[in-house]
């Protein structure tokens, strides 16, 4: 009898644990992850993403079959510094506002416009909410902010029937949107770093907090090899070397220099208070021994 009671208690515990597991898995909507360098975000799985990017902008449209919801994310490809924000809004955000207004029927009737503020991750975004009049009113809006030194604009359109799902979509994207910092070339003292499509950067030796010396390989020592090895490095936002490869120098000396470069440490680089990745070169000089 006691064994039967123990079995019943054990089964009850297992059922309870299974119930908790099922509840935990169904507590929130299933999310998909989207990434297209440098942008990434999560979104509810019932939506699909269409890439409509151009040479000047990245543009992604999210829709759900059978619903009125449309959400568009636009990001400039070029860095946007503080002095460039107004021009970037005119060239990137304003066309999106006109697109949303047209979808809401502007021209056929006047739209209600309300200024809004919200958050995207830890940052504040400003924007405008648009609403069409009448019983079949649709709402939409556009928000914008500078994130990762890019101008990010997000516009949406939804009907009253889909407002809850549209709000959930917007909230999910706003809370998960990430923009990877741009890579900039190291510049001379007193100059600000600038973004380039293909950059080699300057010499970083004098900027390192820690610069371990490479070992002298026994074969190279025996051959009395000498000369300079140049290693190109990519430094992440924390000042660590995330990538390194030799670009010149004797082949027998390159591997130890790359290994030493990976252990170098630098101060984080900020551009207008935003962390950036930096590329440049470290030079190692060998004398015959």
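For the reader, a short list of remarks on this structure follows.
- Evaluated at q = 0.16 Å⁻¹, the base-10 log of the normalised Debye intensity for segment 30-179, with identical point scatterers placed on the Cα atoms, takes the values -0.85.
- Here r is the Cβ-Cβ distance between residue 54 and residue 222 and R0 is 45 Å; the resulting FRET efficiency, rounded to 0.05, is 0.20.
- Distance from the C-alpha centroid of segment 204-282 to that of segment 68-88: 35 Å, rounded to the whole angstrom.
- From least to most packed, judged by other beta carbons within 10 angstrom and beginning with the fewest, 34, 41 follow the order 34, 41.
- 20 °C / 1.002 mPa s Stokes-Einstein diffusion coefficient of segment 201-270, Kirkwood radius on C-alpha pairs, µm²/s: 169 µm²/s
No value in this document is a laboratory result; all are computed from the given coordinates. The structure displayed is predicted, hence computed values, not measured ones. Glycine gets a Cβ as well: all are built from the backbone with ideal geometry, and neighbour counts include every protein chain shown.
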